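First the structure, in the form of structure tokens, and then the observations on it.
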Protein chains: 4
Amino acid sequence: MADTLKPGDRVLLSFEDESEFLVDLEKDKKLHTHLGIIDLNEVFEKGPGEIIRTSAGKKGYILIPSLIDEIMNMKRRTQIVYPKDSSFIAMMLDVKEGDRIIDTGVGSGAMCAVLARAVGSSGKVFAYEKREEFAKLAESNLTKWGLIERVTIKVRDISEGFDEKDVDALFLDVPDPWNYIDKCWEALKGGGRFATVCPTTNQVQETLKKLQELPFIRIEVWESLFRPYKPVPERLRPVDRMVAHTAYMIFATKVCRREETE
Amino acid sequence: MADTLKPGDRVLLSFEDESEFLVDLEKDKKLHTHLGIIDLNEVFEKGPGEIIRTSAGKKGYILIPSLIDEIMNMKRRTQIVYPKDSSFIAMMLDVKEGDRIIDTGVGSGAMCAVLARAVGSSGKVFAYEKREEFAKLAESNLTKWGLIERVTIKVRDISEGFDEKDVDALFLDVPDPWNYIDKCWEALKGGGRFATVCPTTNQVQETLKKLQELPFIRIEVWESLFRPYKPVPERLRPVDRMVAHTAYMIFATKVCRREETE
Amino acid sequence: MADTLKPGDRVLLSFEDESEFLVDLEKDKKLHTHLGIIDLNEVFEKGPGEIIRTSAGKKGYILIPSLIDEIMNMKRRTQIVYPKDSSFIAMMLDVKEGDRIIDTGVGSGAMCAVLARAVGSSGKVFAYEKREEFAKLAESNLTKWGLIERVTIKVRDISEGFDEKDVDALFLDVPDPWNYIDKCWEALKGGGRFATVCPTTNQVQETLKKLQELPFIRIEVWESLFRPYKPVPERLRPVDRMVAHTAYMIFATKVCRREETE
Amino acid sequence: MADTLKPGDRVLLSFEDESEFLVDLEKDKKLHTHLGIIDLNEVFEKGPGEIIRTSAGKKGYILIPSLIDEIMNMKRRTQIVYPKDSSFIAMMLDVKEGDRIIDTGVGSGAMCAVLARAVGSSGKVFAYEKREEFAKLAESNLTKWGLIERVTIKVRDISEGFDEKDVDALFLDVPDPWNYIDKCWEALKGGGRFATVCPTTNQVQETLKKLQELPFIRIEVWESLFRPYKPVPERLRPVDRMVAHTAYMIFATKVCRREETE
């Protein structure tokens, strides 16, 4: 049923003990795991959702990895924007098909991927990253995820500003957002939406100060707590421990300077 | 700069006292508000982000409403899935360009709009709603938001199942999800993703029981708390009161029955 | 059964529509309410837990108010420390029978009452408050709650320090805690516990800076979120809205200066 | 300054790497730790708050352990009520000097200690525990903490009810609270306060059903989330992970049966 898998496809093999393996499919390859050997040829004969067994008889399922699976399993060297936050940010930025968006700094590309998905094949993400190694990592990740064609990566220090004008939205992820907010304002269209993330309250304070000096309205600060439950119907309760903090999210909307409009 | 506004466009007029007006633009129309009269002809002469003044001299800004603005301001007769939840659900369902998704029950269309955005112009949302009046309301809302072409609304009781097979993901929003989960399983492709929302713990328990009887894996239950802060840099702190609860979110992935794959 | 009520006793009359009346009992007095007239003579004939009816036949119950009932219903002119926080603070300060504690600024006396309870009749709370009117209000409240004998109220600006030495614990509740922390250190015994509350992150930052300059260890910052549920067994779920923030709580333990102990 | 330490006293030795040792003082005893040897004779020469050094020169401080220190470091064989919850419960139960309280099941004695503190030397906690080994453990813990004289431990299955009548408050901590609530009602005085804790939503539902069948009013369900912050003034932010759940807390107030009072 459904899709046929072929070499080069990525699958997630999900086993009953909650082990999961993210694999690029190759012919005649065997995967050695603590659950036994997995013969990848067997995967080609089956399809997503179907059962696979290791040499030791352990039962697993063939899945197509979601973007969340990719992000949470990727090689990363930076703090990433977690899916719980990135999905909300993309929505607050109102990113939609055909939009032109700036993402900076790109880091491992997790937020960039969420934005690239949202702009669709007719949109564009201009992704600025000053560190060559991260730009390469992001490029590699976005290529693997099939999103690189929607993204233009620029290895560049943003202190000189952005090449684009009138972008629909801009996401800023740097340790000192306040130093770049004037450049962000310049790149945004009238009514364009801005977002940034800060792990500390001190950074939020500095960022707010700068936002209030510039023609931004609808300035908002949010944080989110996501709590998982043990999925046991007879003993439904939250898990014992949870993520306490990822980052504060700050949003604002660009408006025009007075002199320009009155 | 940027877009030129024309009759029929929707704008959000945002004033400094936090009053906001969502308006369908018409020539020669005047809007009477507690802040004074707004001459809409003035809006046509300006563009998004620019300043507008009421007859009483109150200053506001012309914005293009986001999907969140639309959802939070729409005429609704049902409990809606809030943006904080709907953005996370769409991400957990891994909805992307070109996907075929089932959304049921549609209600006022808030979740449907988020899904329709995510599938892009090449994707499709099959939206089931048994109550004629809600189907009409959803159609009207989705039309206003420019998303109706991606959505097929079906006025139908889902107890007989869905017309579609092998859909990429399915979102179920009814008071008794457990009664329809077998039908959802049938409609999903292998590896397809399922989500539902329940306001009460009792509903979560019943839903989990049913999910565990069927070939679903990766069953997860989440809740989210979003806390806004007062955006005052010198006195940064959360607001006094916040939303305590919207709904529990339940996720699962369809796998095949054993006999089908071994 | 149990206690007999007499003139001067305080009762809480709790009705089925959730109306509650905190009353000082008097002979031959009638209470006029939206639920009808309550004849207080009837209360004397009954006891705590028993049913009382208004002239309109509305059913209520006679209760002895808890300290929480008193605090949440008292005449107040200041922001108070809420019971969810004050009970935790008293425990973190390890307040127990016989302890000598400083409380400053006293405000309406809510935290002072919690501390006074915890020190028992053999302990003492030295309560500093610089505004005459609040000192009077606190005195009146603590008298009503039967705790005034454990409390010595001093109408005093604390910038000159405290009269007491070697107190077991100290609670500081002023807008600028950092200006008084050296005085607090002086008043505490070795190993004595310090707590303060701040509504904003900026205040927390300033307070932490000062605490780190002085010989304090075990510095901790906490916040608490208390979420009530609708007590409906068939539809168990949190309420719709909750308190998002009261104050950050900061704790520290005094240790001696190096020169004093080595 | 302050207290002089003597053999048998308990101290908490707190080191700069956050290692902490809870020690019963003995003459001529040496404590071997990963930080080097601690000569306890040195502790007697100093007092609380003063500096102590290991043989390896590591610096620590002498503290008197708080009840929280004791509870979090005690030998336990059961799930305990955490201080964040126990302090709130004691306040909601309005426990005060001289009160007579029932605590059941006692487990390791953590909640019992909090209640014993609150009733003072003139009050009493009647502590029921059916498992001999736990009763012994609780007795040992309460003795160590100097609270045993306020507590009467009874090794008893509570299905036959309690010996006491007209108690001021009752705390119930068993896996199936609903089976004992009628016995709790009988033991409480009119207006007496009841509390129980349940880890799962299913238990809360069953407990609420039973509470609603009996003459209880003011039924409330709460949960608390306590979030610690990293105490760094320049980078103030919550820690990465926190406790997600301990238990739901349920409260109710006993009122009399109708026939008894009208």
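Would you compute the Debye intensity of the stretch B:136-262 from its alpha-carbon atoms alone, equal scatterers and no solvent, and pass along log10 I(q)/I(0) at q = 0.11, 0.13, 0.17 Å⁻¹ to two decimals?
The Debye formula, applied to the Cα set alone, gives -0.54, -0.70, -0.98.
Over all residues in D:45-56, what is the mean tally of Cβ atoms on other chains that come within 10 Å of each residue's Cβ?
Average per residue, whole number: 4.
What FRET efficiency comes out for residue D:133 versus residue D:214 if R0 is 45 angstrom and r is the Cβ-Cβ distance? Round to the nearest 0.05. Don't skip to the end; give the middle numbers.
Details: r = 32 Å, r/R0 = 0.71.
The pair residue D:133/residue D:214 has a calculated efficiency of 0.90.
What are the extents of the Cα atoms of the stretch D:54-116 along their three principal axes, in Å, largest first?
In descending order, the Cα extents are 50, 27, 18 Å.
Treating the Cα atoms of the stretch D:7-64 as identical point scatterers in vacuum, please give the log10 of the normalised Debye intensity I(q)/I(0) at q = 0.14, 0.28 Å⁻¹, two decimals.
With one equal scatterer per Cα and no solvent, log10 I(q)/I(0) is -0.29, -1.34.
At 222 nm, what helix-only mean residue ellipticity would the protein assembly as shown give, in deg cm²/dmol to the nearest 500, using -39500 (n - 2.57) for each DSSP H run of four or more?
-7500 deg cm²/dmol
Taking each residue in C:215-228, count the Cβ atoms of any other chain within 10 Å of its Cβ, then average. What number comes out? Present the calculation step by step, with values, prior to reporting the outcome.
Working: counts 3, 0, 8, 8, 2, 3, 10, 6, 7, 6, 11, 8, 9, 5.
Rounded to a whole number, the mean comes out at 6.
Write down the percent of antiparallel bridges among all DSSP beta bridges whose residues are both part of the stretch B:67-252, to the nearest 5.
35
Among DSSP beta bridges lying fully in the protein assembly as shown, give the percent that are antiparallel, nearest 5.
65
Provide the FRET efficiency to the nearest 0.05 for the residue B:240-residue A:241 pair, computing r from the beta carbons and using R0 = 35 Å.
Details: r = 28 Å, r/R0 = 0.80.
Result of the calculation: an efficiency of 0.80.
Using the beta-carbon distance between residue D:16 and residue D:163 and R0 = 41 Å, what value does 1/(1 + (r/R0)^6) give for FRET efficiency, to the nearest 0.05?
For R0 = 41 Å, the calculated efficiency reads 0.20.
Taking amide hydrogens as modeled 1.01 Å from N in the peptide plane, which residues meet the under 5 Å criterion relative to residue A:103, leaving out close sequence neighbours?
For residue A:103, whose amide H was placed from the backbone, the distant partners under 5 Å are A:126, A:127, A:128, A:171.
Which lysines have a Cα less than 23 Å from the Cα of residue D:6, not counting those fewer than 8 places away in the same chain?
Cross-link targets: C:96, C:165, C:189, C:254, D:27, D:29, D:30, D:46, D:59, D:144.
Please list, in order along the stretch B:84-90, the HN-Hα scalar couplings obtained from phi with the Karplus expression 6.51 cos²θ - 1.76 cosθ + 1.60 (θ = phi - 60°), rounded to whole Hz, x for Gly and Pro.
Coupling constants for the stretch B:84-90: 4, 8, 5, 5, 5, 4, 4 Hz.
Which value, in Å to one decimal place, does the Kirkwood hydrodynamic radius take for the protein assembly as shown when every pair of different Cα atoms is included?
It works out to 32.2 Å.
So what are the ³J(HN,Hα) numbers for the stretch A:67-73, from phi and the Karplus equation (6.51, -1.76, 1.60; θ = phi - 60°), rounded to whole Hz, Gly and Pro as x?
Working through the residues one at a time gives 4, 5, 4, 5, 5, 6, 10 Hz.
So if I take the alpha carbon set of chain C, get Rg, then get Rh from the Kirkwood formula, what is the Rg over Rh ratio?
Over the Cα atoms of chain C, Rg/Rh equals 1.05.
Restricting to Cα pairs below 8 Å that are 6+ residues apart, what does the relative contact order work out to for chain C? Please round to a whole percent.
13
Could you give each residue of the stretch C:161-172 its phi-based ³J(HN,Hα) in whole Hz, using Karplus coefficients 6.51, -1.76, 1.60 with θ = phi - 60°, and x for Gly or Pro?
x, 10, 6, 7, 10, 6, 6, 6, 7, 9, 10, 10
Using the 10 angstrom Cβ neighbour count as an exposure proxy, how do A:86, C:14 rank, fewest first?
Least crowded to most crowded, the residues run C:14, A:86.
Show the residues, 5+ positions off or on another chain, whose built amide H is closer than 5 Å to the amide H of residue D:255.
Here D:191, D:216, D:217 satisfy the definition.
Treat each spin label as a single point 7 Å out from the Cα along the C-beta direction, and report the residue A:79 to residue C:140 distance in nm.
Rounded to a tenth, the inter-label distance reads 5.0 nm.
Taking the Cα centre of each part, how many Å lie between the stretch B:17-74 and the stretch A:12-30?
55
For B:94-103, what's the mean count of beta carbons from other chains sitting within 10 Å of each residue's beta carbon?
On the way: counts 8, 3, 7, 8, 2, 0, 0, 0, 0, 0.
Partner-chain Cβ atoms within 10 Å, mean over residues of B:94-103: 3.
Taken together, the values in this text are just the output of simple stated rules run on the coordinates, not laboratory data. Small disclaimer: the values here were computed from a predicted structure and weren't measured. Note that each Cβ is placed from the backbone with ideal geometry, even for glycine, and that neighbours are counted across all protein chains shown.
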